[in-house]
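Single-structure report; data block below.
Where a number appears in this text, it was derived from the coordinates with a stated rule and is not lab data. What you see is a predicted model, and the numbers here were worked out from it, not measured in a lab. As a convention, Cβ positions derive from the backbone with ideal geometry for all residues, glycine included, and neighbour counts pool all protein chains shown.
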């Protein structure tokens with residue numbers, strides 16, 4: 001997990017999610033429906049216009065066989081980067 005984090009540190013978790021969905025040849029809509037989530041929510045996250053939340057990240061991680069907490073760690077690093085940019 002730490003190797004992935006060093007590469008992705010500071011990127012929105014939606015960027016990683018989009019990459020994973022493309023790699024697995026899953027449409028955002030189909031994936032959202034499989035999670036009982038609105039397709040617009042997944043679309044907004046992959047565009048970076050909506051932040052990841054803990055409940056959804058756990059469901060996504062389980063569905064994509066990712067390590068628990070990975071997406072929220074990415075979200076935290078992204079939030080830190082954004083705050084630093086304000087300074």
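Values computed for the structure shown
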quantity	calculated
Spin-label pair residue 51/residue 15, simplified geometry with 7 Å Cα→Cβ offset, distance in nm	1.8
Approximate shape of the chain as ellipsoid semi-axes (Cα gyration tensor, √5λ), whole Å, largest first	21, 14, 11
Between 0 and 90°, nearest 10: helix 54-63 axis offset from the chain longest Cα axis	50
Using alpha-carbon coordinates, inclination of helix 13-23 to the longest axis of the chain, degrees	40
Virtual spin-label span in nm between residue 62 and residue 84, 7 Å along Cα→Cβ	3.4
